[in-house]
Amino acid sequence: MRADLLTDAVDGLDEALAAVDGFDEVLVDGLLRPQPAQAVGPAGLADAVAGSPLAGRVAEAAEKTAAGAAGEDHFVALAAARTALLGSVHDALVVRAEEAVGRPRPEEIGTAPPGGAEHAVNLLVAARSWLCDLARAGWRGIDHELVAGASAVVSAMLPEPGLRRLAALLDGFAAELAASCPGATLEQVPVRRWADLWSRAMLLTLPGAVSAPAVAGVTGRLLPLGMDLQEHATAVQAQVHAVFEPADGGASRLVRASVSAPKPDSVVGAGLWQLLRPRLSLLAAVSEGRAMELDAMPVTAEGDLLWDDARARTGEPAEVFATARVALPTAVASPTAPLDRHPARIAVPVLLEGYGVEEGEDGPVFLVAGVRLAVDVDRVPAAGPLTPEAVAGSGACVGLLRWDAGAFVLQPLAVERTVRKKAVAVHAGAWAGGTSDKAGVRAEKAATDTVTVLRERAGRLLRK
């Protein structure tokens, strides 16, 4: 691995992010009556995309915004410019990461053809109107009445399968805003996050933006690399990263398989597996260290398997580090859809060996060929045996290379450490299919009691 490439400057990166940050700051106080100083933000976006097809529309939008006369089309143009800039940052960083690990580059994918939601244009217009009201008010100007305007739109969208993606985004965004009302009293505003959610939602209100992805069926062997567990107060998702080897002998590729479930906020730690376990046989395979044989399993162009247990069966043992050493180096990454290009989405599977370890301010730091690579142990789930101590004592690591706060960081999925002169692997998803580990058994028992009580209460409510 060329770790030195991860610390080298990327041309134009700082300038693109500065333009995004300038616009994001304008959204804090809103665009209804912008002050002269606020005109700098939209103008910076216009300058940054001056050489692109967006140039004319964004320049007009910046001018109208500075005059306090911007309409919905102008806000859409500004959101598009912001998304395009972050997309360029994503692409540059992914190219740098792939160069560092020496992996083949994926082919680009085009924009999906419009379609699918013409009958719900009125709902898209309503959602866009609410988002424009937010932009005019700004994050400091939000109140419960303004935020509550999203509820009727979300309720109307949920019955429409093609609009559920946008509905879920608006619902979560509105919930965050409601929890922060009134905005005038906020000590700290999550400027980048709320601008991300706003601009993404704005573009998803355009007809065709939420069209279904292209899907094909694949047959072959799936070799898991590790599991990323993502937890929210009301939802949990397990995402398995793996190498897929086609049965026809074609090039192997990197893929993902995800399963999600709603959850009460009282179910945490190892109890999360009880919510996910009945939904995906792959979780058991990861836990047991086995491959999966797939038969015509649906997969998107972006490498997301649309998991169907009927199209999969458990295969032979497949040790993660053997897969990482043999199959990972030649696996081709899947391309990223245009609207999904964002630095926060970067997750490049890598294998690191022979590194040194030192303690940093926020946790372990790997020394790879003399280069310091921060390890994001905050992403290691409590629902497994992988701990910061295990990471610090490791000699090999399979993880996801991410980009956070201006630098590449590593999220560990599994580590290999020496115990009594033997190499022992510790996986973040080792408890997914059940465990005999004493700590895992205790955590499961406590969670079982919580889940049982909640199910009994829910049953009584449904019988009333």
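The values are calculated or read from the model by the stated rules, or taken from the named source; none is laboratory data. Since the model is a prediction, treat every value here as computed from it, not as a measurement. Note that each Cβ is placed from the backbone with ideal geometry, even for glycine, and that neighbours are counted across all protein chains shown. Just so you know, the surface numbers come from the protein's heavy atoms only, side chains and all, with ligands and any DNA or RNA stripped out. Shrake-Rupley method; radii C 1.70, N 1.55, O 1.52, S 1.80 Å.
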Run the dipole for the chain about the Cα centre, Lys and Arg Cβ at +1, Asp and Glu Cβ at -1, nothing else charged, and hand back the magnitude in debye, nearest 20.
1520 debye
Structure-based [θ]222 nm, the chain - -39500 (n - 2.57) summed over DSSP H runs of at least 4, per residue, nearest 500
-12500 deg cm²/dmol
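With a 1.4 Å probe and every protein chain kept in, tell me what percent of the accessible surface of the stretch 214-330 is carbon plus sulfur. Show your work: numbers first, answer last.
Working: 2580 of 4900 Å².
Carbon plus sulfur share of accessible area: 53 percent.
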Could you let me know the centre-to-centre spacing of the stretch 301-324 and the stretch 179-209, using Cα atoms, in angstrom?
36 Å
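Based on the mean of other beta carbon atoms within 10 Å per residue, what is the order of 50-56, 85-91, most packed first?
Working: 50-56: 13.1, 85-91: 19.7.
Taking the mean over residues of other Cβ atoms within 10 Å, the ranking is 85-91, 50-56.
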Net charge, Pro364 excluded, C-beta distance under 14 Å - Lys, Arg +1, Asp, Glu -1:
-4
Rg and Dmax [Cα atoms of the stretch 214-330; Å; Rg one decimal, Dmax integer]
14.3, 47
What percentages, rounded to whole numbers, describe P(r) for the stretch 338-427 computed over all alpha carbon pairs with 5 Å bin width beginning at zero?
3, 14, 25, 26, 18, 8, 4, 2, 0, 0
Measuring from its Cα centre, the stretch 338-427 shows a charge dipole (+1 at each Lys and Arg Cβ, -1 at each Asp and Glu Cβ) which, in debye to the nearest 20, is 380 debye
Report the calculated FRET efficiency for Cys181 and Val40 (r = Cβ-Cβ distance, R0 = 25 Å), to the nearest 0.05.
0.35
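Measuring with a 1.4 Å probe in the full set of protein chains, what accessible area per residue, in whole Å², belongs to the chain?
Solvent-accessible surface per residue comes out at 47 Å².
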Simple spin-label model, 7 Å along Cα-to-Cβ: Glu145 to Asp308 in nm?
5.1 nm
Given bins 5 angstrom wide, list per bin the percent of all Cα-Cα distances in the stretch 49-197, short to long.
1, 8, 14, 16, 18, 17, 13, 8, 4, 1, 0
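How much net charge surrounds Asp196 when only other residues with a Cβ under 10 Å from its Cβ are counted (Lys, Arg +1; Asp, Glu -1)?
On the way: positive: Arg82, Arg192, Arg193, Arg200; negative: Asp24.
With Lys, Arg at +1 and Asp, Glu at -1, the neighbours total +3.
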The distance between the Cα centres of the stretch 247-292 and the stretch 132-169, in whole Å, is 31 Å
At R0 = 22 Å the Cβ-Cβ FRET efficiency linking Arg192 and Leu158, nearest 0.05, sits at 0.20
If you plug each phi of the stretch 182-198 into the Karplus form 6.51 cos²θ - 1.76 cosθ + 1.60 with θ = phi - 60°, what whole-Hz ³J(HN,Hα) values come out, in order, with x for Gly and Pro?
x, x, 5, 9, 5, 6, 9, 9, x, 4, 5, 5, 5, 5, 4, 5, 5
Percent accessible area from carbon and sulfur atoms, the stretch 338-427, protein chains only, probe 1.4 Å
48 percent
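Where does the charge balance sit around Glu25 when Lys and Arg score +1, Asp and Glu -1, over other residues with C-beta under 13 Å from its C-beta? Spell out each step's value before the answer.
Details: positive: Arg82, Arg140, Arg192; negative: Asp21, Asp24, Asp29.
It works out to a net charge of 0.
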How big is the chain in terms of Cα radius of gyration and Dmax, in angstroms?
23.4, 71
